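*Asks:* Structure below; questions to follow.
The values are calculated or read from the model by the stated rules, or taken from the named source; none is laboratory data. In this text the structure is predicted, and so the values were computed from the model without any measurement. Positions of Cβ are generated from backbone atoms using ideal geometry, with glycine treated the same way; all protein chains shown enter the neighbour counts. When the accessible area is computed, the model is the full protein with side chains, heavy atoms only, and any ligands, DNA or RNA have been set aside. Shrake-Rupley method; radii C 1.70, N 1.55, O 1.52, S 1.80 Å.
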Amino acid sequence: QLQLVESGGGLVQSGGSLRLTCVASGDISSLNVEAWYRQAPGKQRELVADITIRGYTNYSDSVKGRFTISRDNAKNLMYLQMNSLKPEDTAVYYCKGTTWNFKEVWGQGTQVTVSL
(Lines give C-alpha, C1' and ligand atoms only; values in the text may rest on other atoms or scores of the structure.)
Protein backbone atom coordinates (compact mmCIF):
# COMPACT_ATOMS: atom_id res chain seq x y z
CA GLN A 1 0.00 0.00 0.00
CA LEU A 2 1.29 3.44 -0.95
CA GLN A 3 2.03 5.89 1.87
CA LEU A 4 3.15 9.52 1.74
CA VAL A 5 4.76 11.59 4.50
CA GLU A 6 5.49 15.32 4.29
CA SER A 7 8.14 17.30 6.16
CA GLY A 8 9.81 20.68 6.03
CA GLY A 9 7.06 23.02 7.14
CA GLY A 10 7.61 25.75 9.68
CA LEU A 11 7.49 29.45 10.44
CA VAL A 12 9.18 31.86 8.08
CA GLN A 13 9.13 35.61 7.53
CA SER A 14 7.55 37.16 4.48
CA GLY A 15 10.00 36.98 1.57
CA GLY A 16 11.69 33.90 2.97
CA SER A 17 12.01 30.38 1.63
CA LEU A 18 11.14 26.85 2.67
CA ARG A 19 11.50 23.47 1.03
CA LEU A 20 8.90 20.80 1.61
CA THR A 21 9.67 17.13 1.10
CA CYS A 22 7.30 14.24 0.50
CA VAL A 23 8.62 10.70 0.83
CA ALA A 24 6.74 7.78 -0.68
CA SER A 25 6.86 4.24 0.66
CA GLY A 26 5.08 0.99 0.06
CA ASP A 27 3.76 0.28 -3.44
CA ILE A 28 6.03 2.82 -5.17
CA SER A 29 5.62 1.28 -8.61
CA SER A 30 1.96 2.29 -8.63
CA LEU A 31 2.73 5.99 -8.27
CA ASN A 32 2.14 8.19 -11.33
CA VAL A 33 1.32 11.85 -10.69
CA GLU A 34 2.36 13.60 -7.50
CA ALA A 35 1.07 16.93 -6.32
CA TRP A 36 1.16 19.49 -3.56
CA TYR A 37 -2.09 20.92 -2.24
CA ARG A 38 -2.70 23.43 0.52
CA GLN A 39 -5.57 24.36 2.77
CA ALA A 40 -5.77 27.64 4.66
CA PRO A 41 -8.13 28.10 7.61
CA GLY A 42 -11.71 28.50 6.43
CA LYS A 43 -10.81 27.79 2.81
CA GLN A 44 -11.06 24.82 0.50
CA ARG A 45 -8.06 22.69 -0.27
CA GLU A 46 -6.43 23.89 -3.48
CA LEU A 47 -3.87 22.57 -5.92
CA VAL A 48 -0.47 24.24 -5.66
CA ALA A 49 1.48 22.24 -8.24
CA ASP A 50 1.72 18.78 -9.72
CA ILE A 51 4.31 16.74 -11.55
CA THR A 52 4.08 13.60 -13.65
CA ILE A 53 6.46 10.68 -13.40
CA ARG A 54 8.16 12.04 -16.52
CA GLY A 55 8.62 15.45 -14.94
CA TYR A 56 5.90 17.49 -16.61
CA THR A 57 4.80 20.21 -14.21
CA ASN A 58 1.78 22.40 -13.63
CA TYR A 59 1.39 25.33 -11.22
CA SER A 60 -1.43 27.40 -9.85
CA ASP A 61 -1.27 31.02 -10.92
CA SER A 62 -0.81 32.15 -7.32
CA VAL A 63 2.57 30.39 -6.98
CA LYS A 64 3.89 30.46 -10.53
CA GLY A 65 7.37 31.92 -10.62
CA ARG A 66 7.86 31.53 -6.85
CA PHE A 67 7.45 27.81 -6.21
CA THR A 68 9.18 24.89 -7.91
CA ILE A 69 8.00 21.30 -7.78
CA SER A 70 10.40 18.45 -8.46
CA ARG A 71 10.74 14.76 -7.82
CA ASP A 72 13.52 12.21 -7.53
CA ASN A 73 11.99 8.94 -8.67
CA ALA A 74 15.06 6.94 -7.70
CA LYS A 75 14.76 8.12 -4.09
CA ASN A 76 10.94 8.20 -3.97
CA LEU A 77 11.03 11.87 -3.04
CA MET A 78 9.08 14.91 -4.15
CA TYR A 79 9.95 18.49 -3.26
CA LEU A 80 8.33 21.89 -3.22
CA GLN A 81 10.80 24.75 -3.15
CA MET A 82 8.95 27.83 -1.99
CA ASN A 83 10.60 31.23 -2.47
CA SER A 84 9.37 34.78 -1.93
CA LEU A 85 6.80 33.51 0.54
CA LYS A 86 3.83 35.70 1.40
CA PRO A 87 1.48 35.66 4.39
CA GLU A 88 -1.26 34.36 2.07
CA ASP A 89 0.82 31.23 1.50
CA THR A 90 0.11 30.26 5.11
CA ALA A 91 -1.65 26.89 5.06
CA VAL A 92 -1.34 23.21 5.76
CA TYR A 93 0.45 21.70 2.77
CA TYR A 94 -0.44 18.17 1.67
CA CYS A 95 1.31 15.76 -0.61
CA LYS A 96 -0.96 13.73 -2.88
CA GLY A 97 -0.10 10.77 -5.04
CA THR A 98 -2.23 9.37 -7.84
CA THR A 99 -1.62 5.83 -8.95
CA TRP A 100 -1.82 4.40 -12.46
CA ASN A 101 -5.32 3.10 -11.66
CA PHE A 102 -6.36 6.56 -10.42
CA LYS A 103 -6.33 5.84 -6.69
CA GLU A 104 -5.49 8.93 -4.62
CA VAL A 105 -3.30 8.81 -1.53
CA TRP A 106 -2.76 11.77 0.79
CA GLY A 107 -0.10 12.59 3.33
CA GLN A 108 -0.91 13.93 6.78
CA GLY A 109 0.07 17.53 5.99
CA THR A 110 2.70 19.96 7.20
CA GLN A 111 2.03 23.47 8.48
CA VAL A 112 3.58 26.46 6.73
CA THR A 113 3.21 29.82 8.43
CA VAL A 114 4.46 33.04 6.86
CA SER A 115 4.65 36.05 9.15
CA LEU A 116 4.68 39.69 8.12
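*Asks:* Counting only protein heavy atoms and using a 1.4 Å probe, what share of the accessible area of the chain belongs to carbon plus sulfur, as a whole percent?
*Replies:* Exposed carbon and sulfur together represent 49 percent of the surface.
*Asks:* Averaged per residue, what accessible area in Å² does the chain show with a 1.4 Å probe, protein chains only?
*Replies:* Result: 54 Å² per residue.
*Asks:* While we're looking at this one, here's another question. When every alpha-carbon pair in the stretch 66-116 is counted, what percent end up more than 17 Å apart?
*Replies:* 49 percent
*Asks:* Sticking with this structure for a sec: Percent relative contact order of the chain, based on C-alpha pairs within less than 8 angstrom and at least six residues apart?
*Replies:* Computed value for the chain: 36 percent relative contact order.
*Asks:* Still on this structure, please answer the following. So how strong a dipole does the chain carry about its Cα centre when Lys and Arg Cβ are +1 and Asp and Glu Cβ are -1, to the nearest 20 debye?
*Replies:* That gives the chain a dipole magnitude of about 120 debye.
*Asks:* Still on this structure, I have one more. Could you please report the charge total around Leu4, scoring K, R as +1 and D, E as -1 over all other residues with beta-carbon less than 11 angstrom from its beta-carbon?
*Replies:* -2
*Asks:* Also, I was wondering about something else. Please give every one of the lysines within straight-line cross-link reach of Lys86, meaning a C-alpha to C-alpha distance under 29 Å, and leave out same-chain neighbours fewer than 8 residues apart.
*Replies:* Lys43, Lys64, Lys96
*Asks:* Still on this structure, please answer the following. Which listed residue (Tyr59, Leu77, Thr110) has the Cα farthest towards the positive end of the charge dipole for the chain, taking +1 on Lys and Arg C-beta and -1 on Asp and Glu C-beta about the Cα centre?
*Replies:* Going by the Cα projections, it comes out as Tyr59.
*Asks:* So what are the radius of gyration and Dmax for the Cα set of the stretch 1-62, in Å?
*Replies:* Considering the stretch 1-62 through its Cα atoms, Rg and Dmax are 13.6, 38 Å.
*Asks:* Related question: Any chance you could run the full-extension gain for Leu77 through Lys64? It's 0.36 nm times the residue separation minus the Cα-Cα distance, nm to one decimal.
*Replies:* Taking 0.36 nm per residue and subtracting the Cα distance, the gain is 2.6 nm.
*Asks:* Where does the Debye-calculated log10 I(q)/I(0) of the chain sit at q = 0.09, 0.21, 0.22 Å⁻¹, using only Cα point scatterers of equal weight, no solvent?
*Replies:* The calculated log intensity ratios at q = 0.09, 0.21, 0.22 Å⁻¹ are -0.21, -1.13, -1.22.
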